[in-house]
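Trainee: One structure is given below, represented as structure tokens, and several questions about it will come after.
Readers should treat all values here as calculations from the given coordinates under stated rules, not as data from a laboratory. This structure is a prediction, so every number in the text was calculated from the model and none was measured. Every residue, glycine among them, receives a Cβ derived from its backbone with ideal geometry; neighbour counts consider all protein chains shown.
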Amino acid sequence: MTLIPTAEYTAPDVPEGRKFYPGDGEHTTYGHTTQISDVVIKAGGEDRDRPSEAKDTPLGHLRAKLTTIQDQVNVFLTERMKQENLKLSGKEEEDIERRILDDGVDEDDVE
């Protein structure tokens, strides 16, 4: 029996939810989003917590597929955070513009 893990993300602003599947292809336990940062690697850092390779067993394959899903979820959530930050910075700009136009606040006085 082949085990195929899935994950689902739900939020009020994502009513249909978002489903994650490992997909076809090779899966490893070396996640792209779970390793140490490129900055640390370039500075000569070493990933001492690097996972062992997945064994060629049903549980080993499941572990590798879970790592793939974890990468997918991490990328998705990172993109959502970036979009939310863009929205927030846009709201801050709107607030400043509103204060300048509506309240007569001098642009130099806005922090």
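Trainee: Stretch Glu26-Phe76 to full length: gain in nm at 0.36 nm per residue minus the Cα-Cα span?
Mentor: 16.0 nm
Trainee: If you keep only loop residues by DSSP, which trypsin sites (Lys or Arg not before Pro) in the stretch 1-91 have at most 14 other Cβ atoms within 10 Å of their Cβ?
Mentor: Answer in residue order: Arg48, Lys55.
Trainee: Follow-up question, since we're still on this one. How far, in nm, would the chain grow between Glu16 and Ile41 when pulled straight, counting 0.36 nm per residue and subtracting the alpha carbon separation?
Mentor: So the extension gain works out to 5.1 nm.
Trainee: Further question: Net charge within 14 Å of Gly17 by Cβ-Cβ distance, Lys/Arg positive one each and Asp/Glu negative one each, not counting Gly17 itself?
Mentor: After counting each charged neighbour, the total is 0.
Trainee: How far apart, in nm, are two points set 7 Å out from the Cα along the Cα-to-Cβ line at Glu84 and at Lys55?
Mentor: Each label point is offset 7 Å from its Cα along the Cβ direction, giving 3.9 nm.
Trainee: While we're on this one: By the scheme Lys and Arg +1, Asp and Glu -1, what is the net charge of all other residues having a beta-carbon under 15 Å from that of Gly31?
Mentor: Result for the local shell: -3.
Trainee: Rounded to two decimals, what is the ratio between the C-alpha radius of gyration of the stretch 1-75 and 2.2 N^0.38 Å?
Mentor: It is 1.31.
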